[in-house]
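Read-outs: derived from the displayed coordinates by stated rules, not from any lab. Predicted, not measured: the structure shown is a model, and the values here were computed from it. Glycine also receives a Cβ, built like all others from the backbone with ideal geometry; neighbour counts cover every protein chain displayed.
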Amino acid sequence: MREMKQRDQEVRAHEQAHIAAGGQYVGGGARFSFETGPDGRQYATGGEVSIDASEAQTPEATIQKAAIIQKAALAPASPSAQDRAVAAKAAQMGREAQTELSKEKQEQAELAARDLASKGFSPKNIGGAQENLEQGATTPAKGINRENPFPVPGTGDAPPPFSVRNKRLNLVI
């Protein structure tokens, strides 16, 4: 009977670890399978916790959700084979979302480059267009002076090549 009590405690702790780590993605509480002991009491011999493993609305949110699911699956001191399988599935979901996010960023970079090209910019006169865009570059200035691309304000020289909003700007000229 002592073994049954110990197993009951282990099973409950195992499932509670999943619940604690799974947070908002856990669907309800744990479900247990029981066995009646010689004392007539019910002892948990197995358990399971449901977790929402569907994709989130955005790749970024899916990556975060996959990490939480993976953490929840591996939370118990001794993860079961099923726990490891769920963790592997969550890791795959995270990798797929990361691939999707990379594709989206590449498409955004291409659109930004085309937009800059339509405004007269090219990689020859403005390098790192995507980095500039991500770091806050907003509009090109007219009359860039290649010999003095960063003139001292108030000296009558051309204005800086970009207007920025308190962000670092990397230019390659």
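Structure notes:
- Picking from residues in region 49-65 that are under 12 Å from Gly22 (Cβ atoms) and either of a type outside the set (A, V, I, L, M) or under 12 Å from the mean Cα position of the chain (by Cα) (or both), the one that is surrounded by the most Cβ atoms within 10 Å (Cβ to Cβ) is Lys65.
- Only one entry in Ala53, Ala75, Ala88 is free of Cβ contacts under 8 Å to residues at least 40 places away in the same chain and of a type outside the set (Val, Ile, Thr), namely Ala88.
- Residue within region 6-14 that is among the basic types (Lys, Arg) and either surrounded by fewer than 16 Cβ atoms within 10 Å (Cβ to Cβ) or touching a Leu at 6+ places or on another chain (Cβ under 9 Å) (or both) present: yes
- Counting residues in region 85-93 that are crowded, with 18+ Cβ neighbours inside 10 Å and outside any helix (DSSP H, G or I) gives zero.
- Filtered by the rule that a residue be without any contact (Cβ under 8 Å) to a residue 24 or more places away in the chain and either assigned to a loop (DSSP other than H, G, I, E, B) or within 17 Å of Ala13 (Cα to Cα) (or both), region 28-50 gives Gly28, Gly29, Ala30, Arg31, Phe32, Ser33, Phe34, Gly40, Arg41, Gln42.
- Among the residues listed as Ala66, Ala72, the single one being under 17 Å from Ala91 (Cβ atoms), in contact with a His (Cβ under 8 Å, 6 or more places away or on another chain) and of a type in the set (A, V, I, L, M): Ala72
- Candidate set from region 94-110 (those that are aliphatic (A, V, I, L, M) and in contact (Cβ under 8 Å) with a residue 40 or more places away in the chain); member that is surrounded by the most Cβ atoms within 10 Å (Cβ to Cβ): Ala97
- Close contacts from region 3-24, counting a first residue that is within 22 Å of Ala53 (Cα to Cα) and a second that is assigned to a helix (DSSP H, G or I) and of a type in the set (D, E, K, R), with Cβ to Cβ under 6 Å and a gap of 6+ residues or different chains, come to Ala21/Lys71.
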